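Coordinate-derived values only; no laboratory data. Note that this is a predicted model, so its numbers are computed, not measured. Glycine also receives a Cβ, built like all others from the backbone with ideal geometry; neighbour counts cover every protein chain displayed.
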Amino acid sequence: MRALRIGTRGSVLARWQAEYVRKRLYSAAGVEAEIVIIKTSGDRLPQAQLSQIGGKGIFIKELEDALFEETIDVAVHSVKDIPTTIPSRVSFPAIFRREDVRDCIVSANGATLTHLRHGARVGTGSLRRQAQLRHIRPDLDVRDLRGNVDTRLRKVESGEYDAVMLAKAGLDRLGWSNRISETLSPDVCMPAVGQGAIAAECRLSDSEASEVLGTLDDAETRTAIIAERALLSALQGGCQVPIGAWARTEREEFVLEACVCSIDGSQLVKQRASASPDQAVALGEHVARLLIEAGAQPILEEVSRQRG
């Protein structure tokens, strides 16, 4: 097996994820790999709102271009950044075992969400988190905040923000779990589709890379991701739509929960259903229909108008 070139974004967390894949390739298959840093559109404009710079795929387009140009062999992504529509020339042979799916609060004084002061300034770049935060605490001053994890944490340290809301998995991976003031139950804040999972992408024509990556795939995580992404696709959502979803096996039952929330947090629709794991796509589509029947369509149309 030839040595592989692994493409990644340059952030601390992205490099950690690429290094994780590199180590797994070596320990599981004895395959050597080097890390290649690639700057994406999302990295070049760190202060711009996601919706204003394309939203869908801004963290992966240049990585896929590098795959097609054959300057890299493998691209590593956070699953939540992968658009619902993917190019026909690529495949995702490995979705690694999912880490913690939950969101968390990092606050200046250790305050939990309930105990943040009235009108506290809370930052997050995720429309889904913003909407659910406003639903729980309409009094908070929720601001759009982008940048790498370390940059966002510094905003709290400097006093510019009272708190930030992040994916717990990212802090866990970087060894910064001690910074967390509160981990939010999915009942309080539903995670993003694919949150906590890492995927490795390669060219469809590269059977050698595909085969070795396939040995690292986690079947249970893949099944959950298939259900969540089927739901997102059925709702025609991207990474900047306030949709939360979480599929998992619970007491020997394959369950999918999902929600749609208005940007101002005033409306939230939530649904849940179960099926056998081999019906993951059908389950995702079914829960999407349940959400539409429960009133999600007008919310999504309003979000589309506001973001248009």
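Just order 125-136, 285-296, 67-78 by mean Cβ neighbour count inside 10 Å, highest at the front, would you? Can you show the working numbers first?
Details: 125-136: 23.2, 285-296: 18.7, 67-78: 20.6.
For the peptides 125-136, 285-296, 67-78, the packing ranking is 125-136, 67-78, 285-296.
Please state the charge dipole magnitude for the chain, taken about the Cα centre, from unit charges on C-beta atoms (+1 on K and R, -1 on D and E), reported in debye and rounded to the nearest 20.
Result for the chain is approximately 760 debye, rounded to the nearest 20.
Expected output is a single nm value to one decimal: the length gained when fully extending between ASP278 and LYS39, i.e. 0.36 nm times separation in residues minus the C-alpha distance. What is it? Provide the component values of the computation, followed by the final result.
Working: separation 239, 0.36 × 239 = 86.04 nm, distance 3.75 nm.
82.3 nm is the gain from fully extending ASP278 to LYS39.
For the stretch 163-308, what is the charge dipole size about the Cα centre, in debye to the nearest 20, if Lys and Arg each add +1 at the Cβ and Asp and Glu each add -1 at the Cβ?
On the way: 13 positive and 21 negative charges, 101 e Å.
For this selection, approximately 480 debye.
Can you find, among ALA282, ASN109, ILE72, the residue sitting farthest towards the positive end of the charge dipole of the chain, where Lys and Arg contribute +1 and Asp and Glu -1 at Cβ?
Comparing the listed Cα positions along the dipole, ASN109 ranks first.
How big is the charge dipole of the stretch 90-158 about its Cα centre, in debye rounded to the nearest 20, if each Lys and Arg gets +1 on its Cβ and each Asp and Glu gets -1 on its Cβ? Don't jump to the answer; show the numbers that get you there.
Numbers: 14 positive and 8 negative charges, 22 e Å.
That gives the stretch 90-158 a dipole magnitude of about 100 debye.
Along the charge dipole of the chain, pointing to its positive end and built from +1/-1 on Cβ of Lys, Arg, Asp and Glu, which listed residue (ILE38, LEU232, ILE136) has its Cα farthest out?
Result: ILE136.
Please report, for the Cα atoms of the stretch 173-308, the Rg to one decimal and the Dmax as a whole number; what are they, in angstrom?
16.7, 50
In Å, what is the Rg of the alpha-carbon atoms in the chain, and how long is Dmax?
19.0, 59
Divide by every residue of the chain the summed helix terms, -39500 (n - 2.57) for each DSSP H run of at least 4, and state the resulting mean residue ellipticity at 222 nm, rounded to the nearest 500 deg cm²/dmol.
Details: 10 runs with 105 residues, N = 308.
Taken over the chain, the calculation gives -10000 deg cm²/dmol.
Would you please state which residues of the stretch 182-203 a label at LYS23 would reach in this model, taking the label point 7 Å out along Cα→Cβ and a backbone N cut-off of under 19 Å?
Backbone N within reach: 196-200.
When N is the residue count of the stretch 105-189, what does its C-alpha Rg come to as a fraction of 2.2 N^0.38 Å? Numbers along the way, then the final one.
On the way: Rg = 11.5 Å, N = 85, 2.2 N^0.38 = 11.9 Å.
That ratio works out to 0.97.
Checking the table LYS61/LYS155; LYS23/LYS168; LYS80/LYS168 against a 20 Å threshold on Cα-Cα, which pairs fail?
Details: LYS61/LYS155 28 Å; LYS23/LYS168 22 Å; LYS80/LYS168 14 Å.
Result: LYS61/LYS155; LYS23/LYS168 exceed 20 Å.
Set Lys and Arg Cβ to +1 and Asp and Glu Cβ to -1, take the dipole of the chain about its Cα centre, and tell me which of PRO87, ALA200, ALA294 lies farthest positive.
With unit charges placed on the Cβ atoms, the residue in question is ALA294.
Give me the base-10 log of I(q)/I(0) for the stretch 229-283 at each q in 0.23, 0.27, 0.29 Å⁻¹, Debye formula, one uniform scatterer per Cα, rounded to two decimals.
So the normalised log intensities are -0.90, -1.10, -1.19.
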